[in-house]
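Inspection log for the structure reproduced underneath, given as structure tokens.
The values are calculated or read from the model by the stated rules, or taken from the named source; none is laboratory data. These numbers were taken from a predicted model, which means no experiment stands behind them. Cβ sites come from the backbone with ideal geometry, for glycine too, and all protein chains shown count toward neighbours. For the accessible areas, the whole protein counts, side chains as well, though only heavy atoms, and no ligand, DNA or RNA atoms are used. Shrake-Rupley method; radii C 1.70, N 1.55, O 1.52, S 1.80 Å.
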Amino acid sequence: MKKIEVILTQCLDDIREGRVSLEDCLNQYPEVRAELELLLKVALSIKAPIDIRPSNTFKVKARAELMNYIHTSQLRKKVKRSPGQLSIRYWWHIAWARATVIAVTVVLVISLAGTGTAYAAQSSLPGDTLYSVKLGIEQLQRIITFDEASEIELELKFADTRLDELEELVSVPVIQTANDEGSNNGVSAMSIINITVAEPEVVSIAKAARITIAVDGYQRNLNMAITKAANVVEGEILVEEVALTILSHLGRLDDIEGMALVDSQEIIADTRSVAINGHIRILQILATVNAVRATEINLLAMQVRLARADAEAVKGNIGGMEDALQEYEKLRRFGEGISNSTEMSGQDTISVDELNARATTEHMESLGSIYGNASQDAKGAVEQAIDVTIETHKQAVQGLQQQGAQGDIPTEPPMPDNIPQGDKGNTQDSESNNHGNNNK
Amino acid sequence: MREYETADTLFDIDRLLDKAINGDGDAFGRLYDMYVDRVYRHIYYRVSSTNDAEDLTQQVFIKAWQAIHRYKKTTSPFLAWLIKISQNLVIDFYRSKKTRTYIDFDVVATESKHDPAQLAEEQFGRYEIQQAINKLKGDQQQVVLMRFIEDFSFSEIAVALGKSQGAIRVILHRGLAKLKTILEKAQ
């Protein structure tokens, strides 16, 4: 005779799959009927209460961070210096004056790292006296970094530090006395080797000025990372690393804005513009060598903006939602630019068009959600975004059709159910919802 | 509710796994897309907090990427392997908090097709069962949750908990018997 646990699991599986009824199962095993009936009833009364899923916002952000982590970890393994770069560095190394500066710098960094001043400076914020020391230490780190990959990583790390500072600053009250604890010994020591370090700041400055220092610094670090990555020969992987880091900054700035007091939100929006412009610049560089990857990263950024718009719509923040949709539109137009230039550079246009066409499904899904969450006043902005998304899909499909590569991509983009018919663009009435190749 | 894997999907997963094991980050990203919901759900039922569930879900995939080169397809299904990582992280999570929260099924329903009276009755029954499951110990609670709430197969549960399928059946039988006793006492 079968063991009761085997009978129990067999019956449970059969009943859940609809192959037998409870009664059928009990009749099949009369010898254990009484026990089996009670256990099956208990088991069948347990039901999953609801379908729990993570939010789209979380999924998109977590994916971007995961991919950033993966690419950064791969980068460390892959990046090696080319022989040409080595020779340039070689000349740099043998110049005796440089060597002297390096030696002094190393000694200084080591000695500073061991002092309380350097330690305290690490947690200083713009406007604090020790902030100059912090920037000076960063400058020293630049001097003793010799290969491009490490230089770029350093700038990205500093850009992250600027965002840490921004995060701390935006959550403090409007006027904050700057921290003037500590000594200026570090500043004096660095001036010996002619490193540009600002004079100690005025002890008390307004919060807005302190935030501006952090944002300007962020922009500088980002620009340096982009410029350095652009100048590396065969530096595609470095360019990609910068692009992925900036992508993660977009999500991070959303988080910072979420915790910021109202008076700081405008400056965070400005910082996001800096990040978006950086994103566009670096992807322009990437697109010249790998338009497919540039398109993928841009589509991820577009999805992050839609997730943001949805979150703002849920909060009832029309302005925030509209800003995020405008950023989405800016990135969408940039994506069109990549697509157009791909053909001219002789790269794989089919993959780019296919990525754009397939991404429309996710974008329309998000736009449907935003439309559902948006107040009546705000629906107009969502409708515009839907229209341009439909247009992007049509252009991508047209490109694929011209090359006989439409495959299973629908001619019409999938429309969310909650969008009224009138807002479903002009595509519905003109063409049938065709699948398959429509070769010219 | 179970997201069944068709032969095509299984083929895709297999291909993606091969690529990911060989260091293809994009393939791993696709696997993330496929499994993030299941991993999140598994963790959510155990920590009852959206923030904690999100943090731990992210950690699961980072750890999975770090260890993917050690993953053996023949030893366990990928989902079961992810769940095993989740289990360890949840254990660490409670170890660091030094508390044990109860499983919370009272989350906002995304959709309800029932009338209010029926819903109230169902919720009452659900509450009793939730309380009873909370009283189950260790593996019995894990197996009941994974089988009936999360809809894992016996083989997936066996791999995740490091036991044989036969042992899982025995644990399930004992868990249901215990649940029956708890519910009888409650009445």
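Take B:Arg70 and tell me if it is more than 25 Å from B:Ser164 (Cα to Cα) and open to solvent by 80 Å² or more (accessible area, probe 1.4 Å).
Numbers: more than 25 Å from B:Ser164 (Cα to Cα): no; open to solvent by 80 Å² or more (accessible area, probe 1.4 Å): yes.
Judged against the criteria, B:Arg70 is not a match.
Table: residues versus (1) open to solvent by less than 20 Å² (accessible area, probe 1.4 Å); (2) facing chain A (nearest Cβ under 10 Å); (3) in a helix (DSSP H, G or I); (4) modelled with pLDDT under 80.
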| site | (1), (2), (3), (4) |
| --- | --- |
| B:Gln118 | no, no, yes, yes |
| B:Glu122 | no, yes, yes, yes |
| B:Ile133 | yes, yes, yes, no |
| B:Gln141 | yes, no, yes, no |
| B:Met146 | yes, no, yes, no |
| B:Ile157 | yes, no, yes, no |
| B:His173 | no, yes, yes, no |
| B:Leu179 | yes, yes, yes, no |
| B:Lys185 | no, no, yes, no |
Requested in this report: Could you identify the single residue in A:Ile256, A:Ile276 that is part of a helix (DSSP H, G or I), within 16 Å of the chain's Cα centre (by Cα), modelled with pLDDT of 90 or more and crowded, with 17+ Cβ neighbours inside 10 Å?
Outcome: A:Ile276
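Give A:Ser55, A:Ser21, A:Ser45 a once-over and let me know the one that is polar (S, T, N, Q), closer than 20 Å to B:Leu176 by Cβ and more than 7 Å from chain B (Cβ to nearest Cβ).
On the way: A:Ser55 fails: closer than 20 Å to B:Leu176 by Cβ; A:Ser45 fails: more than 7 Å from chain B (Cβ to nearest Cβ).
The unique qualifying residue is A:Ser21.
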Requested in this report: Identify the single condition in (1) open to solvent by 50 Å² or more (accessible area, probe 1.4 Å); (2) at pLDDT below 85 that B:Gln165 does not satisfy, given that it satisfies every other one.
Outcome: (2)
Requested in this report: Exactly one condition in (1) modelled with pLDDT under 85; (2) open to solvent by less than 10 Å² (accessible area, probe 1.4 Å) is not met by B:Thr75; state its number.
Outcome: (2)
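What do you reckon, is A:Arg293 farther than 27 Å from A:Asp387 by Cβ, of a type outside the set (A, V, I, L, M) and assigned to a helix (DSSP H, G or I)?
On the way: farther than 27 Å from A:Asp387 by Cβ: yes; of a type outside the set (A, V, I, L, M): yes; assigned to a helix (DSSP H, G or I): yes.
Answer is yes for this residue.
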Requested in this report: May I ask you to say which residue of B:Asp24, B:Asp52 is at negative phi and without any contact (Cβ under 8 Å) to a residue 12 or more places away in the chain?
Outcome: B:Asp24
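Matching residues to (1) open to solvent by less than 10 Å² (accessible area, probe 1.4 Å); (2) in contact with a strand residue (DSSP E or B) (Cβ under 9 Å, 6 or more places away or on another chain); (3) at pLDDT 90 or above; (4) not polar (S, T, N, Q):
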position: A:Ile267; (1), (2), (3), (4): no, no, no, yes
position: A:Leu283; (1), (2), (3), (4): yes, no, yes, yes
position: A:Thr288; (1), (2), (3), (4): no, no, no, no
position: A:Asn298; (1), (2), (3), (4): yes, no, yes, no
position: A:Arg308; (1), (2), (3), (4): no, no, yes, yes
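Any residue at all in segment A:336-355 that's open to solvent by 40 Å² or more (accessible area, probe 1.4 Å) and under 23 Å from A:Ser248 (Cβ atoms)?
Initial filter on segment A:336-355 (open to solvent by 40 Å² or more (accessible area, probe 1.4 Å)): A:336, A:340-341, A:343-348, A:350, A:354-355.
Remaining after also requiring under 23 Å from A:Ser248 (Cβ atoms): A:355.
Yes: one or more hits.
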Query raised in the report: What about B:Arg30, is it touching a residue at least 24 places away in the same chain (Cβ under 8 Å), within 14 Å of chain A (Cβ to nearest Cβ) and either in a helix (DSSP H, G or I) or open to solvent by 30 Å² or more (accessible area, probe 1.4 Å) (or both)?
Result: no
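Here's the yes/no breakdown for (1) hydroxyl-bearing (Ser, Thr, Tyr); (2) over 17 Å from the mean Cα position of the chain (by Cα); (3) in a helix (DSSP H, G or I):
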| site | (1), (2), (3) |
| --- | --- |
| A:Ile211 | no, yes, yes |
| A:Val215 | no, yes, yes |
| A:Tyr218 | yes, no, yes |
| A:Met224 | no, yes, yes |
| A:Ala230 | no, yes, yes |
| A:Glu234 | no, yes, no |
| A:His249 | no, no, yes |
| A:Glu266 | no, yes, yes |
**Report entry** B:Asp37 vs. criteria open to solvent by 10 Å² or more (accessible area, probe 1.4 Å), over 16 Å from A:His71 (Cβ atoms) and in contact with a Lys or Arg (Cβ under 9 Å, 6 or more places away or on another chain)
**Finding:** yes
**Report entry** Residue match in segment A:28-40 (condition: more than 10 Å from chain B (Cβ to nearest Cβ) and either within 40 Å of the chain's Cα centre (by Cα) or part of a loop (DSSP other than H, G, I, E, B) (or both))
**Finding:** yes
Query raised in the report: Only one of (1) touching a residue at least 60 places away in the same chain (Cβ under 8 Å); (2) surrounded by 23 or more Cβ atoms within 10 Å (Cβ to Cβ) is not met by A:Val292, so which one is it?
Result: (2)
Query raised in the report: Which of the residues that make up segment A:229-247 are surrounded by 21 or more Cβ atoms within 10 Å (Cβ to Cβ) and either in contact (Cβ under 8 Å) with a residue 60 or more places away in the chain or not hydrophobic (A, V, I, L, M, F, W, C) (or both)?
Result: A:Ala229, A:Gly235, A:Leu238, A:Glu240, A:Glu241, A:Val242, A:Leu244, A:Thr245, A:Leu247
Query raised in the report: Is there a residue being free of Cβ contacts under 8 Å to residues at least 40 places away in the same chain and either closer than 19 Å to A:Ala309 by Cα or in a helix (DSSP H, G or I) (or both) anywhere in segment A:346-369?
Result: no
Report task. Output yes when any residue across segment A:365-378 is touching a Leu at 6+ places or on another chain (Cβ under 8 Å), modelled with pLDDT of 90 or more and within 16 Å of A:Glu336 (Cβ to Cβ), and no when none is. Result -> no
